[in-house]
Amino acid sequence: FGTQLTAHGFKPWLESAKKGIDWYYWHRYRRLLSESMKLSRGVIGTIHDETERILGLLENPAVATSWQRRGMVVGHVQSGKTANYIGLVAKAADAGYKVIVVIAGVHNNLRNQTQVRVDEGFIGRDSARLLSRKADRCIGVGKYDATRRPVSFTNAVKDFDTRMATGRGLPLHSLSEPAVFVIKKNYNTLKHLTEWMQEHNGSSVARELPLLLI
């Protein structure tokens, strides 16, 4: 494990909340790591411990007042960072985070690759089919259990698009499962996403819906 620096005054919350959390998304992902990705029990245990520690340093999504926590996780190249943050996304969703935004590089190919990993490890469906008339297809964790599905507003071939997101007719407040956005690190994309959230979901959406930005 690495070393962590924590702001003064932060009150730990996860340990007391764990027993009341249904770890649905994490259990699916842990099964994928074991059965599909063939990771050892020790590696999966490390991912579990690290993601739990990071989740515990986020704010409790059940806190009713406005809050903001920022942090940075540093890892070596090809050290499993994507596998770790998808595990964090799964646990954050289980804990009550309602909006997940993943900023994945500055180029389309990297964003598309990241979307595929998120599809397999968290969403459980082939998001590329959202643009076609092909039948929906479960992939990754969706093959184990597809009774609950996060809602993706981006897909494996296209970044966030205001018209497409509006066309889905799904205000964030109405969703029973987390909303997911995998976008490029691009000023216009971020601007369009922010404006869309404010226009179609109310200016207070960021305060009322717990949001995890990676």
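Every residue in segment 100-112 that is buried (at least 21 other Cβ atoms within 10 Å of the Cβ) and either free of Cβ contacts under 8 Å to residues at least 24 places away in the same chain or under 22 Å from Trp26 (Cβ atoms) (or both), please.
Residues satisfying the conditions are Ile100, Val102, Ala104.
Restricting segment 182-204 to residues that are among the hydroxyl-bearing types (Ser, Thr, Tyr) and open to solvent by less than 80 Å² (accessible area, probe 1.4 Å), which is modelled with the highest pLDDT?
Selected residue: Thr189.
Given the criteria surrounded by 15 or more Cβ atoms within 10 Å (Cβ to Cβ) and within 23 Å of Leu32 (Cβ to Cβ), does Ala156 qualify?
yes
Quick check: is even one residue across segment 77-84 within 26 Å of Asp136 (Cβ to Cβ), among the basic types (Lys, Arg) and under 16 Å from the mean Cα position of the chain (by Cα)?
Among the residues of segment 77-84, not one is within 26 Å of Asp136 (Cβ to Cβ), among the basic types (Lys, Arg) and under 16 Å from the mean Cα position of the chain (by Cα), which makes the answer no.
Where the second residue is at pLDDT below 95 and outside any helix (DSSP H, G or I) and the first is on the phi < 0 side of the Ramachandran plot and open to solvent by less than 10 Å² (accessible area, probe 1.4 Å) and lies in segment 113-128, which pairs have Cβ atoms under 6 Å and are six or more apart or on separate chains?
Note: pairs meeting the criteria are Gln115/Ala156; Ile123/Ser152; Ser127/Ser152; Ser127/Asn155; Ser127/Ala156.
When you go through (1) open to solvent by less than 70 Å² (accessible area, probe 1.4 Å); (2) farther than 27 Å from Ile123 by Cβ one by one for Ser16, which number turns out not to apply?
Answer for Ser16: the failing condition is (1).
Confirm whether Gly45 is open to solvent by 30 Å² or more (accessible area, probe 1.4 Å), free of Cβ contacts under 8 Å to residues at least 12 places away in the same chain, of a type outside the set (S, T, N, Q) and farther than 25 Å from Asn155 by Cα.
no
Looking at segment 19-35, which of its residues are of a type outside the set (Asp, Glu) and open to solvent by 70 Å² or more (accessible area, probe 1.4 Å)?
If the condition is that a residue be of a type outside the set (Asp, Glu) and open to solvent by 70 Å² or more (accessible area, probe 1.4 Å), then Lys19, Gly20, His27, Arg30, Arg31 are the ones that fit.
Among the residues of segment 56-78, write down those that are of a type outside the set (Val, Ile, Thr) and closer than 21 Å to Gln115 by Cβ.
Gly75, Gln78
Given the condition closer than 28 Å to Lys18 by Cβ and at pLDDT 95 or above, answer yes or no: does some residue in segment 127-140 qualify?
So far as segment 127-140 goes, yes, one or more of its residues are closer than 28 Å to Lys18 by Cβ and at pLDDT 95 or above.
Given the criteria among the aromatic types (Phe, Trp, Tyr) and open to solvent by 10 Å² or more (accessible area, probe 1.4 Å), does Tyr97 qualify?
no
Among the residues of segment 60-88, count how many are open to solvent by 60 Å² or more (accessible area, probe 1.4 Å) and either among the aliphatic types (A, V, I, L, M) or touching a residue at least 12 places away in the same chain (Cβ under 8 Å) (or both).
9
Give, as residue ranges, the helices (runs of 4 or more DSSP H) completely inside segment 136-214 that count at least 2 residues that are over 17 Å from the mean Cα position of the chain (by Cα) and farther than 22 Å from Ser66 by Cβ.
162-167, 187-201
Any residue at all in segment 103-124 that is at pLDDT 95 or above, touching a helix residue (DSSP H, G or I) at 6+ places or on another chain (Cβ under 8 Å) and assigned to a loop (DSSP other than H, G, I, E, B)?
The answer is yes, given that some residue of segment 103-124 is at pLDDT 95 or above, touching a helix residue (DSSP H, G or I) at 6+ places or on another chain (Cβ under 8 Å) and assigned to a loop (DSSP other than H, G, I, E, B).
The values are calculated or read from the model by the stated rules, or taken from the named source; none is laboratory data. Quick caveat, the model's predicted, so the values are computed rather than measured. When we count neighbours, we look across all protein chains shown, and the Cβ atoms used for this are built from the backbone with ideal geometry, even at glycine. We work out accessible area using only protein heavy atoms, side chains counted, and drop any ligands, DNA or RNA first. Shrake-Rupley method; radii C 1.70, N 1.55, O 1.52, S 1.80 Å.
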